[in-house]
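The numbers here are math on the coordinates, done by the rules we state, and not lab data. This is a predicted model, so every value here is computed, not measured. Neighbour counts are summed over all protein chains in view; Cβ atoms, including those assigned to glycine, are modelled from backbone coordinates with ideal geometry.
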Amino acid sequence: MAEHAGRRSVREHQEAVRELVDAGLAAVRRTTTVTPAGLLTAASTHGVLAPRTLVVDAVAAVDLPGFDNSQMDGYAVRAADLAPAAHGPVALPVAAPVPAGTTPLPLDPGTAAPVMTGAPIPVGADAVVKIEDADPPAFPDPGASATVRFAAPAAPGTFVRPRGSDAAVGDVVVPAGTPLGPAQLGALVAAGVAEVEVAVAPHVLLVSTGSELVPAGAPLGPAQLHDANGAALSAALAQVGCRVTHRVVPDDPAALRAVLEAAPDDVAFVVTSGGVSAGAYEVVRQTLTDAWFGHVAVQPGGPQGLGTITVGPVEARRAVPLVAFPGNPVSALVSFELFLRPVLAAATGAAPAHRPRGRAPLVDALDSPEHLHQVRRGRLDAAGRVEMVGGPGSHLLAHLAAATLLVHVPPGVAHLPAGAEVDYWEIR
Ligand code: AMP
Ligand code: MG
């Protein structure tokens, strides 16, 4: 075990990332006011709702509902007029009908007005009898003089939705801290909320490093590969409420320095992929020498970097956190899941801080390096048991894409027999 003595535990590195990144986020934290429609612009442009969380309670500007209205298609009546129905049917002349979107006349005593679901209850009426319970159980033609009979009394308030019963003017309709999803946006619009205050998404500079990398979609030369990490980590950061500026640099310290110097001035922190191992051409490790580089007792994702680096032009240098992940795509994404996602999800509120977790028996036995926390990719079979998707190799990105679980094999475990229970995180 001696050669592993210098490794940080997963927990130690999680804590170190949290402390550093939280400080970086606090240094740039800003809020902005937006209209509910503005929140929807991103959704209509990109087909996804940008994860946003309210930072100030949103207060109803109008009552919800805005007027007493009917819960049923039926007759608006004065409950007192139907009291005699306890002893025998009560017949009432039919008043003018109330369709949705019209303001009804007050209800004359001793009459019943046809009212449609959601339409206003006429002043004077205090109950609705649903059409099925009226005799005849169908509305007369508008304008025709008609009579309707009721076989039973109706308690005051029956099938009336009172004004303000969902939220009254001045009530908090969506509290601070709530992620804004479809129901919240609908409620804000319904309650006449003109503007809300939301946190500005933290801006992250994501740098893929590697002289072998070619941008997404570009033709591949010999020994080249597409920058999968740029796509994967951009999406992962966006899912937890971050805005991403992404750059690709070769294994050249000058190129990396140039990208950092040109960093947008509101960058909260920098994430890199690749170039952190102990080999030659490790551009992140060789360039950003103020940061810590070492090993975490995890597989994949052992080599990691973490520290404070300077970004921006010489005359406006700023210190920001650096979180440096290894380049193999499964290593990079598993590192994100373990170390960065929980911090960012908690900070932005854009996603639950933890992935849904579970525990289930293994379909097959597995081996794991005893001194490491191993993270394997898996899925549940029809019987609810955990089966592996591919092997432990950190290059198996297509297998990760086919998996639904990250399966955790803790340090100290070298072998698990079939049927042994394992902990997992659901990753989609
Ligand atoms: P590194 O951590 O820089 O030594 O990278 C290890 C391996 O990960 C490289 O040889 C590539 O095969 C792969 N790799 C590095 N960066 C990326 C990337 N952005 N996208 C896909 N694969 C990558
Ligand atoms: Mg590399």
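Specify whether the C-alpha gyration tensor of the range 214-265 places it in the rounded, prolate or oblate class, a ≥ b ≥ c being the square roots of the eigenvalues: rounded for a/c under 1.5, otherwise prolate if a/b is larger than b/c and oblate if not.
Oblate, since a/c reaches 1.5 and b/c is not below a/b.
Pick from LEU340, LEU225, LEU406 the residue whose mean-square fluctuation is largest in a GNM of the chain, springs joining Cα atoms under 10 Å.
Result for the chain, Cα springs under 10 Å: LEU225 fluctuates most.
Relative to the first principal axis of the alpha-carbon coordinates of the chain, what is the inclination of helix 228-239, with its axis defined by its Cα atoms, in degrees from 0 to 90 and to the nearest 10?
Approximately 40 degrees, to the nearest ten.
With +1 on each Lys and Arg Cβ and -1 on each Asp and Glu Cβ, how big is the dipole of the range 142-253 about its Cα centre, in debye rounded to the nearest 20?
780
Calculate the length of the line joining the C-alpha centroid of the range 372-428 to that of the range 80-138, in whole Å.
64
Order 142-148, 119-125, 156-162, 417-423 from most to least packed using the mean count of other Cβ atoms within 10 Å.
119-125, 156-162, 417-423, 142-148
If you count, for each residue, the other Cβ atoms within 10 Å and average over each peptide, how do 229-239, 263-273 line up from highest to lowest?
In descending order of packing, they fall as 263-273, 229-239.
Give me the percent of DSSP beta bridges within the chain that run antiparallel, rounded to the nearest 5.
70
Measure nothing but the geometry: give the 0 to 90° angle between the long axis through the Cα atoms of 36-46 and the longest principal axis through the Cα atoms of the chain, rounded to 10°.
Computed tilt is about 50 degrees.
Over the chain, what is the relative contact order in whole percent, taking alpha-carbon pairs under 8 Å and six or more residues apart?
16
Rounded to the nearest 20 Debye, what is the dipole magnitude of the chain about its Cα centre when Lys and Arg each give +1 and Asp and Glu each give -1 at the C-beta?
The dipole of the chain has a size of about 560 debye.
Identify which of ASP251, ASP81, ASP166 has the largest mean-square fluctuation in a Gaussian network model of the chain, with springs joining Cα atoms closer than 10 Å.
ASP81
Which residue fluctuates most in the GNM of the chain (Cα springs below 10 Å): ALA297, ALA85, ALA347?
For the chain, modelled as a Gaussian network with Cα springs under 10 Å, the answer is ALA85.
Please say if the range 357-426 is rounded, prolate or oblate, where rounded means a/c under 1.5 for a ≥ b ≥ c the square roots of the C-alpha gyration tensor eigenvalues, and otherwise the choice is prolate for a/b larger than b/c and oblate otherwise?
It is oblate, given that a/c is not under 1.5 and a/b is not larger than b/c.
Before anything else, pin down the relative contact order of the range 69-161: Cα pairs under 8 Å, at least 6 apart, normalised by residue count, whole percent.
With pairs under 8 Å counted, the relative contact order is 43 percent.
If you fit an axis through the alpha-carbon atoms of helix 10-28 and take the longest principal axis of the Cα set of the chain, what angle between them do you get, 0 to 90°, nearest 10?
The angle comes out at about 60 degrees.
Per-residue ellipticity at 222 nm for the chain, helices alone: DSSP H runs ≥ 4 residues times -39500 (n - 2.57), over residue total, nearest 500 deg cm²/dmol?
When only DSSP H runs of four or more count, the value is -6000 deg cm²/dmol.
Sorted from largest down, give the three principal axis spans of the alpha carbons of the range 69-161, whole angstrom values.
Largest first, the range 69-161 extends 36, 28, 22 Å along its Cα principal axes.
Which one of THR53, PRO137, VAL267 has its Cα pushed farthest toward the positive end of the charge dipole of the chain, where Lys and Arg give +1 and Asp and Glu give -1 at the Cβ?
VAL267
Placing +1 at every Lys and Arg Cβ and -1 at every Asp and Glu Cβ, with all other atoms neutral, what dipole size does the range 279-428 have around its Cα centre, in debye to the nearest 20?
Value, rounded to 20: 380 debye.
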